[in-house]
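The values are calculated or read from the model by the stated rules, or taken from the named source; none is laboratory data. For clarity, every value in this text was computed on a predicted model and none was experimentally measured. Backbone-built Cβ (ideal geometry, glycine too); neighbour counts: all protein chains shown.
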Amino acid sequence: MHKNRFTRIGFILAAAGSAVGLGNIWKFPYITGENGGGIFVLVYLATVFFIGMSIFIGEVLIGSLQNKDAVSTIENLAPTNKKYWKYTGFTFLTGIFILTFYPVVIGWIFNYIVLSINSLPSNFKESETLFMTFLKNDIFTQIFYYTLAFIVIAYTISKGVKKGIEKLNNILMPSLIIILAILLIYTVQLDGFSKAIEFMFYPNFEKFNSSSIIVAVGHAFFTLSIGMATIITYSASLDKNVNIVKASITVVIMDTLIAIVAGIIIFSIIFTASQEPSKGAGLVFITLPAIFYQMGTIGIYLAILFFIALAFAAITSAISILEPTVMYLVERKNMPRKNATYSVAFIAYALGLLALLSNTDSFSTNLTLGSKNLFDWFDFISSAILMPIGGILLAIFIGYIMDKKLSKNALVPFMGETYYKIWLFIMRFVAPISIFILMLNEIGIIKF
Ligand code: PFF
Ligand code: NA
């Protein structure tokens, strides 16, 4: 076994660590709530399993073929007269944008772990005031937890693939699964459980409209960490002889199951307290804390477990966002890993600080452009524009530019001829075309 490579299980946990994040536990439940439940979940699942999984397999394929940083991977796989495709590898720079808001939210989560232990808000009004005051006025506490998040992330990456990333994921991911299992077992016996199931799996067309489709498809990219070379980079450290198709499917299924379980947990608690599911981003930070308080002592334990699970999920994802840029600097610029990590972390830290400040009262007027503040702009630019572009380019590269023999030889032994043909069809036609339409709609060139 190569000494600086993931083991099979190490890779699965790390890739699942990347995929399972704020997208599953924070974003998926609230966008499901906002878009009417069941029918939204259906569109999301269809996208994840057709387009998302195909691109995921494509990223694992080229990463494991080359065992290099993303730019070198694409450069080496491109035919001699098309080496310029290597620039596609720079999609990892999208990560810088995501990193600017992702660790800010990790900071909020840290704050809410402490809050769950000390004093949860006793009602919804108080909970809202608490969160808004924290967000808008408590700059010091926010920066404190935000910095803490960055230290954990940068430290782990500086330790490298085996001693840092694999080790941390081997601990955090199983813990996350155990915590979610405990929460699920508890929520099954709540009054709101059956209503939660109904809400998530029965189609409700009222709140569902064309823009819900866009949200669902965009989220499929975000949730699987695809379209920005993250999965390529992790797969570069994959040990030989791993069944990459099986590993990919396992990760996609884990990501999906965890999103659904998180949804069931959150909606069961919400419905048991007779609250509305459509509370936007405040679902987790405003509605849930007040409900936890009203549940008494058990609620405190549930709150602590819930926010710890959220923190674990988010930290492992944030690490995977930073790693591709670090690996690029290490491989192509011969930078020592520590220097690479701290340079990238420093830039992302500074940008994130701006995003954090853009939420606060003191700075929001200076840091708002048009309808969005910096925090929202960074989110929008990355998931609505850059990730879909990265996805299209990658699908085109793998489907058309790269020698077909490479994908055929690597995939057919694991999936057979027929599934390989379906996979190739999705990479060449279904994925690029549908993502292109999605993107034009997102940036407002066409409107459904
Ligand atoms: N997949 C993560 C989530 O669902 O929260 C977010 C993410 C991680 C996106 C890593 C992109 C990435 F490269
Ligand atoms: Na996810």
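Of the residues that make up the range 276-285, is at least one surrounded by fewer than 22 Cβ atoms within 10 Å (Cβ to Cβ), in contact with a helix residue (DSSP H, G or I) (Cβ under 6 Å, 6 or more places away or on another chain) and among the polar types (S, T, N, Q)?
yes
Does L369 satisfy being among the hydrophobic types (A, V, I, L, M, F, W, C), out of contact with any Ser or Thr (no Cβ under 7 Å at 6 or more places or on another chain) and at pLDDT 75 or above? Spell out how you get there, then give the answer.
Working: among the hydrophobic types (A, V, I, L, M, F, W, C): yes; out of contact with any Ser or Thr (no Cβ under 7 Å at 6 or more places or on another chain): yes; at pLDDT 75 or above: no.
No: the conditions fail for L369.
Could you tell me whether any residue of the range 8-23 is at pLDDT 90 or above, in a helix (DSSP H, G or I) and basic (K, R)?
Going residue by residue through the range 8-23, those that are at pLDDT 90 or above are 8-23.
The next check asks that each one be in a helix (DSSP H, G or I); those that pass are 8-19, 22-23.
So of that shortlist, the ones also basic (K, R) come out as 8.
Yes, because at least one residue in the range 8-23 is at pLDDT 90 or above, in a helix (DSSP H, G or I) and basic (K, R).
What are the pairs, 6+ residues apart or on separate chains, where a residue within the range 135-156 that is assigned to a helix (DSSP H, G or I) has its Cβ under 7 Å from a residue that is surrounded by fewer than 22 Cβ atoms within 10 Å (Cβ to Cβ) and of a type in the set (D, E)?
From residues that are assigned to a helix (DSSP H, G or I), the pairs are K136/D361.
Please determine, by comparing only the residues of the range 309-363 that are more than 15 Å from ligand 1 (Cβ to nearest atom), closer than 29 Å to N373 by Cβ and among the polar types (S, T, N, Q), which one is modelled with the lowest pLDDT.
Only one residue tops the list, namely S362.
Checking the condition within 15 Å of ligand 1 (Cβ to nearest atom), under 23 Å from L183 (Cα atoms), in contact (Cβ under 8 Å) with a residue 12 or more places away in the chain and crowded, with 24+ Cβ neighbours inside 10 Å, which residue from G63, G37, G52, G23 passes? So that I can check it myself, show each step before the final result.
On the way: G63 fails: under 23 Å from L183 (Cα atoms); G37 fails: within 15 Å of ligand 1 (Cβ to nearest atom); G52 fails: under 23 Å from L183 (Cα atoms).
Unique residue meeting the criteria: G23.
For the range 123-133, does any single residue satisfy the condition of being within 29 Å of V261 (Cα to Cα), out of contact with any Asp or Glu (no Cβ under 7 Å at 6 or more places or on another chain), of a type in the set (K, R) and surrounded by 13 or more Cβ atoms within 10 Å (Cβ to Cβ)?
Taking every residue of the range 123-133 in turn, none turns out to be within 29 Å of V261 (Cα to Cα), out of contact with any Asp or Glu (no Cβ under 7 Å at 6 or more places or on another chain), of a type in the set (K, R) and surrounded by 13 or more Cβ atoms within 10 Å (Cβ to Cβ).
Of the numbered conditions (1) within 16 Å of ligand 2 (Cβ to nearest atom); (2) in contact (Cβ under 8 Å) with a residue 60 or more places away in the chain, L257 satisfies every one except a single condition; which is it?
Going through the list (1) within 16 Å of ligand 2 (Cβ to nearest atom); (2) in contact (Cβ under 8 Å) with a residue 60 or more places away in the chain, L257 breaks only (2).
Within the range 307-328, does at least one residue satisfy the condition of being more than 22 Å from the chain's Cα centre (by Cα), away from ligand 2 (no atom under 16 Å from the Cβ) and part of a helix (DSSP H, G or I)?
Taking the range 307-328 and keeping what is more than 22 Å from the chain's Cα centre (by Cα), we get none.
No: zero hits.
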